[in-house]
Structures are given as structure tokens and as C-alpha cells.
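In what follows, a structure is listed as C-alpha cells, so that the remarks can point back to it.
The values are calculated or read from the model by the stated rules, or taken from the named source; none is laboratory data. Note that the structure is a prediction, hence the values are computed from the model and not measured. When we count neighbours, we look across all protein chains shown, and the Cβ atoms used for this are built from the backbone with ideal geometry, even at glycine. These area figures cover heavy atoms from the full protein model, side chains too; ligands, DNA and RNA do not enter into them. Shrake-Rupley method; radii C 1.70, N 1.55, O 1.52, S 1.80 Å.
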Amino acid sequence: MRADLFEDDAIQHLLTYKPWWVQVEQEASGKSPNSQDPRVTFTEKEKEQLRKFTNRSYLLEKEAERPAYLGLIDLLLAYCYEVRVTEGERNVESAWNVRKLSGTLCWFENYRSVADVLVSFGRRVLCYPLYRNFCLVTGAVQDACAVLRIGKAAILKCLLDVHSIFQENDPAYILNDLYITDYCIWIQRVKSKKLSGLLDCLQATSISKADLGLELEELEEAATLVQEEEKLLEASDHVPRQPAALITSEASSGSDSSETESTSSDEEDESGSEEMELRDPSATLRGEPAAPLIQVIENAESHQDTAADTGSQPGLTSAPLQAPMCTEEAITTLESPIWHHHAAPAIPDKSQDQSAADSTAQRHVPGNQTAQHTREILEETPRMMDRLHIVGEPAEDEAEDKRLSAE
């Protein structure tokens, strides 16, 4: 539909072509169709064809004359179309075009009216040949009218050309025996008044696209809408816009950055919450009065070595007083490699720790209140006491021993 309706440059060129009968009609415009036009000449080949035809007469009834005249119109329409689309130069498709566009030759059709002939021819033109356009239908009708106006000589010349085309084609030569030869002999004895009446009927009959029954108007309207949409799309394509790959990359980078920002913010919130959880207990504990957290009696062997070096008796070793800290910070600090380096290698037994704690509670200066607090801590966390050994600094231990000896 697009090539036949919109891209119709070739069809417009074919419509401007002027066949030989147009020139003859222009020259013989002042003569009546009853007279023989001397300017319609026959070639030697055409004269030889006429000599081969036998002289015979056809007695047709009135009921048979009408289909014969309508079949003649059908043949003329097919031939006029073929001459126009080939511009007067026959080709290998000429025989196919003529017999395919004529219902009489293709389907042995007997028409009842001129309108039926035009409808059949129009439908075939829009379906079968290479160039399918309604303007070619109307052009072929005008050409057939021009041939009929010229007279019997022009009609006979057209029939002889069809006979020559079919004679050179293998399957189509049979149509010469069935139709074309008889038409060439019959048309020479037809009265001119009959041809004039046939011309009047053809000129009085007109067809439209709606008469063909192919929904051409709806299809052309839909094709027009599609063409307008394509023009709008082409106009929108000229507007500069970002490539699809760039838009996709920007969208992906934006989504990645947003995900990164959200992830980083979530991590910051989690780390901040953890820090607050870790710092809040210590901050609360820092407001309380300072008190010793853990007091541990060292191993007996380590005290003997310390007493031998300092010359004093093995005594109590207490951790220096420092600010209380939360349990997690205490465990982390005490489990560090540096703390294990100063810790005693042997793990004291629970019974020894309990006896040492009792003796320390009796001899320690601060009194029974501190000893009771230490015992409560040791009883609550016996497992942690097995792992932690706090050794005081030598200077503090020596000062403590001197003080105890003095007492």
C-alpha cells in the first residue's frame, strides 16, 4: 500500500505516457467514428496475420451479442493497461498481464453489464500486476474509450497485437484459438453504430474505490495516519537527546551512589550506637567514687622470688586504685598480650585463691568492709578470676610490705 499509494513516482511517470491511439485521436478529432480513419495503418506483419485468417461470418443471437461486446471491452481494458505500463514495449510479462487482467481470458467470464466489467478489471489491477494503483484503472478506461472513438481499425489493430503477444507465449497461444482469432474476424463486420453505443455505455459508467469491495478508503486512511506518525517520529528524532547507554550508566551510577551513601550512613549509625552503648556504662561508672575492682593474691612462688630480691616477707599485692570500667573493657584490657606477659604463668587453684583471700581480708588495712567486697566479687566471677592475675608495681609492693612489717 505504501509503495503503490505514496511512493508513486513510477506510477505518475506511467500516467504521463501517451500511447499511439492518443496521437491518432488528436489528429482525427474532427472525424466521426463511423468513417474509416486512414491514419490508422497496419504493418506488414499485421497484414500477414490478416491473410492467415479464414473468411467466415458469425450469426449471433441477441442474448449472445451482449456478452461478446462486454468481452471486447474487457480485452481492450487489459491491453490498454499493458501498453501503458510497458510504455509500448512488450516484455516477457506482457502475455501474463493481458490474460490475468481479463476475466474473459482468465476465467471465461460472461459479463452482464459494463459495471461488472469495470469492477472485475479494477479488482484485478489492484491485486495481480506489478503496478497497483487506482489511477491506472481510470487511465485504462480512458484509453479504451479513445480506441472505441477511433473506430474499428483501431480495435482491430489492438486485437492483432494481442494475437501476436499470445502467439509467442507457450500457454497463451491457446487463447488465440479460443477468443482472439474469432474477435479479429468478427470485429471487421460489426456495425459502427454498435460500437458507438458501446462507447456511450462505457463513458456513462463510472466506478469508485468503494465499488471494488476492497476497503480501499479505509486502508488509505490508515496508511495516511501511519505516514503522519512517521513524520512526527522523524521530527522528534532531530531533537538532541542523550544516548540510551549514557542514561543507563547515569541511572546505575546514581543508584550505586545512593546505595553506598545509605550503606555508609547505616554503618555510621550502627558504629555510633555501639560506641554509645560502650561508652555510656563507663561514663556512668566514672561518676561513682573510685574503688578497687579486683584484688588477687599472686602465686606463692612469685612472692617468694620477690621477697628474696627485696629482702622482705611475702605479703599482699593489690592492684593500683583506678577508675572503674565496664566489664567488656576490663576483659579486653586484661586479655591483651602485654597483660599476659606480666601475669603469672601458673593458674592458681580455687582453694588457694579462697585461702589467700581470707588471709588478706584479716591482715589488710582498709578493714573488713573491703575484704567482704572482694570476697563477693571473687564468688560471683570465679571463672574470670582463674584467668586474671594482677601484679602490682615493685615500688608499690615494697612500700606496702614495709608498712605491714611496721605494724
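Side notes on the structure shown:
- The single condition among (1) open to solvent by 80 Å² or more (accessible area, probe 1.4 Å); (2) modelled with pLDDT under 90; (3) under 56 Å from the mean Cα position of the chain (by Cα) that Thr16 does not satisfy is (2).
- Residue selected from region 86-102 under the condition among the small types (Gly, Ala, Ser) and open to solvent by less than 20 Å² (accessible area, probe 1.4 Å), by the criterion nearest to Ser120 (Cα to Cα): Ser102
- Filter pass, Leu76 being touching a Cys at 6+ places or on another chain (Cβ under 9 Å), among the aliphatic types (A, V, I, L, M) and surrounded by 14 or more Cβ atoms within 10 Å (Cβ to Cβ): yes
- Selected residue (only one of Tyr128, Tyr111 is open to solvent by 40 Å² or more (accessible area, probe 1.4 Å) and more than 28 Å from Glu27 (Cβ to Cβ)): Tyr128
- The residue that is nearest to Lys191 (Cα to Cα), among those in region 157-179 that are touching a helix residue (DSSP H, G or I) at 6+ places or on another chain (Cβ under 6 Å) and free of Cβ contacts under 8 Å to residues at least 40 places away in the same chain, is Asn176.
- When the criteria are applied in full, Leu105 meets the requirement of being open to solvent by less than 60 Å² (accessible area, probe 1.4 Å) and within 27 Å of Gly213 (Cα to Cα).
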